[in-house]
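Undergrad: I have a structure here, written as structure tokens, and I will follow up with some questions on it.
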Amino acid sequence: MIEKLNQLREKIEDALAAAKIPSAVEDLRVKMLGRKGEMTLLLKTVGSLPAEERKEMGKKANEVRDWVTEKIEEARVRLEAEAQNAALKSEAMDITLPGKRRAQGRLHPVSVTFSRLEDLFVSLGFDIVDGPHIETVYHNFDALNSPPTHPNRDESDTFYVNENLVLRTHTSPVQVRTMESRKPPIRIVAPGQTFRRDEIDATHTPAFHQMEGLVVDKNITFGDLKGMLEIIVRYVFGEEAKIRLRPSHFPFTEPSAEVDITCYSCKNGLSKSSALDCRVCKGSGWVELWGCGMVHPKVLEMSGINPREYSGYAFGLGIDRITSALHGLADPRLYFENDVQFLSQFVG
Ligand code: DAH
């Protein structure tokens, strides 16, 4: 018995010396002191010893068991502390190292223009509405009084999805959708992307951005339109900006006009020796920004609004143009190239 106890003790000492991780010690504890552990089983045999040996052996065996229990606990505490230290070491960081700077995103300059204008229109009581990029030929052309012979309808100008669907060439179809679904008074703006089959060059991109405006109510006049255009231009370009309206033609407005503003670059010749030097307005002193007009009675009628009762005005803001004018940029391709160095120059 003594011998067996000594053997066990040695075995345990060796095992503890070899244990590297806390779970090895736990395994050893179960193997020795568990219900069917070697030590436990050996202790059980004490009961079957002759009475004179039993007392002595019992005492000895208990001593060995206490010793084993203590050693195992010691080893467990030591190994757990080691494991914790190792983990702390591997997770330690050098707080003196310079931090990694995270690139901070910004709003795209076109998005900034959109949201500034949206703020203005919301403050004036307009609703902001959305329309589909893929539009019916009816909403994009017919309901806007563009006859089948209108040159814009040609496949060389417009992306056709099939014979009834196009990528919308302007935001004006949202006028139609709004009039079909709402009753006057109507005051909406419809911001969004538009598409034309243009070759990419210094002034054209096949995708671009517009914001449509539509107001329909009783007694709306061209004077209301002009007043609104002045509000928009002053808000975007400052108090000193002036507008000029030139007669124009759009199938869905009558009369129609083109809105020009005083050239933001040469200030109509005032800031240069002569407007003739100006690259932006090419000497005219004015820059064309967007189209507008009084909603054509036929357009009102086709969308279910009585033109004898109601009148309205509409405008189609060229958002890329406005953004370029604000930042003195000439080339709209920059808005689509996603060159971070270019985009990061804008605050927003
Ligand atoms: N839809 C026209 C275009 O894309 C712009 C336009 C002109 C919109 C006159 C209007 C308007 O609402 O009244 O060229």
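Undergrad: Report the FRET efficiency, 1/(1 + (r/R0)^6), for residue 231 and residue 92, where r is their Cβ-Cβ distance and R0 is 56 Å, rounded to 0.05. Let's see the in-between values first.
TA: Working: r = 61 Å, r/R0 = 1.10.
Rounded to the nearest 0.05, the efficiency is 0.35.
Undergrad: Shifting gears a bit: Just to be sure I understand the model, the point goes 7 Å from the Cα along the line to the Cβ. What's the resulting residue 127 to residue 35 distance in nm?
TA: 7.4 nm
Undergrad: Return the sequence-ordered ³J(HN,Hα) values of the stretch 316-328 in whole Hz as given by the Karplus equation 6.51 cos²θ - 1.76 cosθ + 1.60 applied to θ = phi - 60°, using x for Gly and Pro.
TA: These are the phi-based 3J(HN,Hα) values: x, 6, x, 6, 5, 4, 4, 4, 4, 4, 5, 9, x Hz.
Undergrad: Hey, another quick one. State the cysteines of the chain left without a partner when partners are defined as other cysteines whose beta carbon lies under 4.7 Å away.
TA: By the Cβ distance rule, which asks for a partner under 4.7 Å, the isolated cysteines are 292.
Undergrad: Ranked highest first by average number of other Cβ atoms within 10 Å, how do 5-17, 201-213 line up? Can you show the working numbers first?
TA: Numbers: 5-17: 14.6, 201-213: 18.1.
Top to bottom by mean Cβ count within 10 Å: 201-213, 5-17.
Undergrad: Further question on the same structure: Carbon and sulfur atoms: what percent of the 1.4 Å accessible area of the chain do they account for?
TA: For the chain, the apolar C and S fraction of the accessible surface comes to 52 percent.
Undergrad: Separate question: Full-extension gain between residue 154 and residue 242, please, as 0.36 nm times their residue separation minus the C-alpha to C-alpha distance.
TA: Details: separation 88, 0.36 × 88 = 31.68 nm, distance 3.60 nm.
Additional length available on full extension: 28.1 nm.
Undergrad: Let me ask something else. Using only the Cα atoms of the chain, what do you get for the radius of gyration and for Dmax, in Å?
TA: In order Rg, Dmax, the Cα atoms of the chain give 41.7, 128 Å.
Undergrad: Follow-up question, since we're still on this one. What fraction of the Cα pairs in the stretch 2-90, stated in percent, has a spacing above 23 angstrom? Walk me through the numbers on the way to the answer.
TA: Working: 1212 of 3916 pairs.
Value for the stretch 2-90: 31 percent of Cα pairs lie more than 23 Å apart.
Undergrad: If you count, for each residue, the other Cβ atoms within 10 Å and average over each peptide, how do 151-162, 54-65, 278-289 line up from highest to lowest?
TA: Working: 151-162: 12.2, 54-65: 14.9, 278-289: 17.5.
Packing order, densest peptide first, comes out as 278-289, 54-65, 151-162.
Undergrad: Tell me the label-point distance for the pair residue 197, residue 108, using the 7 Å Cα-to-Cβ offset, in nm and rounded to one decimal.
TA: Label-label distance for residue 197 and residue 108, simple model: 2.4 nm.
Undergrad: In angstroms, what radius of gyration and Dmax does the stretch 152-193 have, counting Cα atoms only?
TA: 12.8, 38
Undergrad: Rounded if a/c is under 1.5, else prolate if a/b is larger than b/c, else oblate: which is the stretch 132-210, with a ≥ b ≥ c the root eigenvalues of its Cα gyration tensor? It would help to have the intermediate numbers written out before the result.
TA: On the way: a/c = 2.27, a/b = 1.44, b/c = 1.57.
Here the stretch 132-210 falls in the oblate category.
Undergrad: Here's a follow-up. In the chain, if the dipole is taken from +1 on Lys/Arg beta carbons and -1 on Asp/Glu beta carbons about the Cα centre, which of 64, 209, 341 is farthest to the positive end?
TA: Checking the options against the dipole of the chain, the answer is 64.
Undergrad: Over 19 Å between Cα atoms: which of 20/44; 11/36; 4/31; 183/218 fall into that group? Write down the numbers at each step before the final one.
TA: On the way: 20/44 31 Å; 11/36 17 Å; 4/31 16 Å; 183/218 12 Å.
Correct reply: 20/44.
Undergrad: Another question, if that's okay. Using the Kirkwood radius built from alpha carbon pairs, what does the Stokes-Einstein equation give as D for the stretch 192-348 at 20 °C and 1.002 mPa s, in µm² per second?
TA: On the way: Rh = 17.2 Å.
In µm²/s, the coefficient is 124.
Undergrad: What residues qualify as long-range amide H neighbours of residue 158, i.e. H under 5 Å apart, gap of 5 or more or another chain, H built at 1.01 Å from N?
TA: Amide H to amide H, under 5 Å and 5 or more residues apart or across chains, residue 158 pairs with 197.
Undergrad: Report, in degrees rounded to the nearest 10, the 0 to 90 angle that the Cα long axis of helix 2-18 makes with the longest principal axis of the chain.
TA: 30 degrees
Undergrad: Kindly report the accessible area of the stretch 109-343 per residue (heavy atoms of protein chains, probe 1.4 Å, no ligands, DNA or RNA), in Å².
TA: On the way: 11280 Å² over 235 residues.
Ligands and nucleic acids excluded, the result is 48 Å² per residue.
Undergrad: Quick one: Kirkwood hydrodynamic radius for the stretch 296-339, alpha-carbon pairs, angstrom, one decimal? Could the numbers behind the result be given before it?
TA: Details: mean 1/r = 0.0743 Å⁻¹.
One decimal place: 13.5 Å for the Kirkwood radius.
Undergrad: Can I ask one more? Cα atoms only, the stretch 174-271: Rg and Dmax in Å?
TA: In order Rg, Dmax, the Cα atoms of the stretch 174-271 give 16.1, 49 Å.
Undergrad: Order the peptides 301-312, 122-133 from the highest to the lowest mean number of other Cβ atoms within 10 Å of their residues.
TA: Details: 301-312: 16.1, 122-133: 14.1.
Per-residue Cβ counts within 10 Å, averaged per peptide and sorted highest first, yield 301-312, 122-133.
The values are calculated or read from the model by the stated rules, or taken from the named source; none is laboratory data. Predicted, not measured: the structure shown is a model, and the values here were computed from it. Because the Cβ atoms are built from the backbone with ideal geometry, glycine has one as well, and the counts that use them run over all protein chains shown. Ligands, DNA and RNA are stripped out before the accessible areas are found, and what is left, the full protein with its side chains, is counted by its heavy atoms. Shrake-Rupley method; radii C 1.70, N 1.55, O 1.52, S 1.80 Å.
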